[in-house]
Amino acid sequence: MLKGVSASPNIGIGRAFVYEKKLKFKRRQLDEVETEIKRLDEAIEKSRKELRKLRDVALEKIGEKEAKIFEAQLLMLQDPALITEVKRKIRSKVNAEAAVDDVVKNFITMFEQMEDEYMRERAIDVQDVGERLIKNLLGKDFQCLADLEENTVVIADSLTPSDTVNMDKEKIVGFATNLGGVTSHVAIIAREYGIPAVVGLGDVMNHVKTGDTVIIDGSSGTVTVRPDKATIYKYERMVLEAEERRIELDKLKDLPAVTSDGRKVEIAANIGEPGEVENALNNGAEGIGLLRTEFLYQGRRSLPTEEEQFEAYKIIAENMGERPVIVRTFDIGGDKPPSYLNLPKEMNPFLGWRAIRISLDRIDIFKTQLRAILRASNYGDLKIMFPMISSVDEVRRAKQILEETKIELEKEKIMFNNNVEVGIMVEVPSVAVIADAFAEEVDFFSIGTNDLTQYTLAVDRTNENIFHLFNELHPALLHLIKRVIDAAHKRGIWAGMCGEMAGKPIAAPILLGLGLDEFSMAATSIPEVKKIIRSIKITEAQELAEEALKASTTDDVYKLSRQFLAKNMK
Ligand code: PEP
Ligand code: MG
């Protein structure tokens, strides 16, 4: 049994799929070259077949532009310059894997030095083609998360948005990763889809082979590898019990989140792609409190067009009907910059050129997104939210660009909702500290506790070594949250929260007591948070919040909240 960090609750039992991104092979001196050349030819043929299939899938599911990438990769496999060079290397008695690796590296250097941006970007394709060839030479299946067997537990070092973008989530019953904390990408995806996950395991890849039976206990943060029959039985019973609890909770999921003495709050879902709307509604979401739009920008080779974005926002707006949908403008950059933006490597990506900072420097990209959101605002109740705001100037500038975009649309006689509400994420401490000034500028606040905690406590949210220091119930955070809510109410606007804290049962009574108006969370957390809110009194929650604000340690806050829940949730 391995111990990690619990990132998404519940139990998953399935077969492991070890997702290895790094290729390990040995460099060998050959005795005989012809068999090696034959091996290479076979690997080329296999790669061709795979790429043709990928091209067809891309064409069907994503679009022509993506399909062209695989087309280009197919051409590379026919490129005599590349293949002849690899064969020449093999003839000099280097094994095929090493020969491909050497030649591909030279090609990458060559492409990267080219003047033409388009050609520079082809370096990634050469790298992809090289990796595919080596994998096929090693006789390993090219690993792809788009085509998994039923009941798969994905085991990986880490998972990035480009790994998960085409992932077949319905087949996945669990995640276990070496890296990552509770707010890492995989943890967020897992919670959104209700898939159990354990992260920060350190060396899970060394203990599990593809095909092993694995039990993920996302609630206790453990992974059991190759369990005996008795253990499987024990966990299967736990799965059944959890299912029963779930059925109980389901009964109240469509009831309003109102305290027993009448204070009503809004409960919304965070989503990361249009496909999640159904899950949000099934769990009783009254709106979308955060649409992360990064899905449009990740896992691809070029910027999304206005039309593509419009279609995505429109479908979400339509499916949500009259319920509000908060579209957050892109939060790209940081630690996972899309390759096509050619962003320089940064020393401190979380403090770097990302989100609104890119938007305000690359107005072309920003306006394309704003146009698409505005156009989609005709089809539902869309609101716009800016991420990573740290100064009032940024809000003003972003609003000004929004106004310019509206004028452009008007000139083109394109319809949109002229009264679309505009809000900001409060996720940088500077905003919380002078929230009064920001409240003058916007229609709403949404507190992003994932980043607000990271920046306030100086704890990298993705670093598992300091994971124990990352805690939203730190009294300093509670004071900042109070400041934000009070500033909003003073100005007559509402304050919500879309960081992970909003979906945590332990935090719910305190947040309610502090006056939070909207809670936006992973869809699967909604029923439980509703249950808590419906079981307590606002007056008592306010008293709890007051006590919590007086605490000096996180432990004290926990204790207060735990006692409160024990008393109220019998
Ligand atoms: C946050 O920072 O709390 C947030 C909701 O945004 P993200 O997790 O996308 O950074
Ligand atoms: Mg954030």
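The values are calculated or read from the model by the stated rules, or taken from the named source; none is laboratory data. Note that the coordinates shown come from a computational prediction; the quantities given were computed from them, not determined experimentally. Backbone-built Cβ (ideal geometry, glycine too); neighbour counts: all protein chains shown. For accessibility, only protein heavy atoms count, side chains too; no ligands or nucleic acids. Shrake-Rupley method; radii C 1.70, N 1.55, O 1.52, S 1.80 Å.
Residues L201, L240: which one is open to solvent by less than 50 Å² (accessible area, probe 1.4 Å) and either in contact with a Lys or Arg (Cβ under 9 Å, 6 or more places away or on another chain) or modelled with pLDDT of 90 or more (or both)? Step by step, each of L201, L240 is checked, and only L201 is open to solvent by less than 50 Å² (accessible area, probe 1.4 Å) and either in contact with a Lys or Arg (Cβ under 9 Å, 6 or more places away or on another chain) or modelled with pLDDT of 90 or more (or both). Taking strands (runs of 3 or more DSSP E) as the structural unit, no element lying wholly within region 375-456 holds at least 3 residues that are among the acidic types (D, E) and either in contact with a Ser or Thr (Cβ under 6 Å, 6 or more places away or on another chain) or open to solvent by less than 10 Å² (accessible area, probe 1.4 Å) (or both).
Every test in (1) surrounded by 15 or more Cβ atoms within 10 Å (Cβ to Cβ); (2) modelled with pLDDT under 95; (3) more than 16 Å from ligand 1 (Cβ to nearest atom) is passed by G334 save one, and that test is (3).
To keep it simple, each residue is scored yes or no on (1) among the β-branched types (V, I, T); (2) touching a helix residue (DSSP H, G or I) at 6+ places or on another chain (Cβ under 7 Å); (3) open to solvent by 30 Å² or more (accessible area, probe 1.4 Å).
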| site | (1), (2), (3) |
| --- | --- |
| V258 | yes, yes, yes |
| L281 | no, no, yes |
| Y297 | no, no, no |
| V325 | yes, yes, no |
| M347 | no, no, yes |
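Taken together, S184, S158, S219 contain a single residue that is touching a Leu at 6+ places or on another chain (Cβ under 7 Å), over 18 Å from R15 (Cβ atoms) and surrounded by 15 or more Cβ atoms within 10 Å (Cβ to Cβ), which is S158.
Sort through K49, K21, K26 and tell me the only one that's open to solvent by 50 Å² or more (accessible area, probe 1.4 Å), out of contact with any helix residue (DSSP H, G or I) (no Cβ under 9 Å at 6 or more places or on another chain) and within 30 Å of S92 (Cα to Cα). Steps first, answer last, please.
Values: K21 fails: out of contact with any helix residue (DSSP H, G or I) (no Cβ under 9 Å at 6 or more places or on another chain); K26 fails: out of contact with any helix residue (DSSP H, G or I) (no Cβ under 9 Å at 6 or more places or on another chain).
Going through K49, K21, K26 in turn, the sole match is K49.
If L512 satisfies all but one of (1) open to solvent by 40 Å² or more (accessible area, probe 1.4 Å); (2) in contact with a helix residue (DSSP H, G or I) (Cβ under 8 Å, 6 or more places away or on another chain), what's the number of the condition it fails? (1) is the only condition that L512 fails.
The test for being within 16 Å of ligand 1 (Cβ to nearest atom) and either touching a residue at least 24 places away in the same chain (Cβ under 8 Å) or surrounded by 24 or more Cβ atoms within 10 Å (Cβ to Cβ) (or both) holds for A507. Pick out the one residue from G299, G289, G202 that is small (G, A, S), within 16 Å of ligand 2 (Cβ to nearest atom) and either in contact (Cβ under 8 Å) with a residue 12 or more places away in the chain or more than 30 Å from G423 (Cα to Cα) (or both). When all the criteria are applied, what remains is G289. Within region 272-323, the set of residues being of a type in the set (G, A, S), more than 13 Å from A523 (Cβ to Cβ) and assigned to a helix (DSSP H, G or I) comprises A312, A317. Kindly list, by first and then second residue, each pair from a residue in region 82-100 that is crowded, with 18+ Cβ neighbours inside 10 Å to a residue that is part of a strand (DSSP E or B), limited to pairs with Cβ atoms under 9 Å and residues at least 6 apart or on different chains. Final answer for the pair search is V94/Q29; N95/Q29. Exactly one residue out of F386, F366 is more than 16 Å from ligand 2 (Cβ to nearest atom) and closer than 21 Å to L409 by Cβ, and it is F366. I want to confirm something. Restricting to region 337-383 and keeping residues that are small (G, A, S) and more than 19 Å from K406 (Cβ to Cβ), which single residue is nearest to ligand 1 (Cβ to nearest atom)? This residue is A355.
Within region 353-365, being crowded, with 22+ Cβ neighbours inside 10 Å and among the aromatic types (F, W, Y) holds for no residue. The listed residues are E306, E273, and the only one of them that is more than 18 Å from the chain's Cα centre (by Cα) and open to solvent by 10 Å² or more (accessible area, probe 1.4 Å) turns out to be E306.
Those strands (runs of 3 or more DSSP E) of region 181-225 in which 2 or more residues are farther than 26 Å from Q454 by Cβ, in contact with a strand residue (DSSP E or B) (Cβ under 7 Å, 6 or more places away or on another chain) and of a type outside the set (K, R) occupy 213-217, 222-225.
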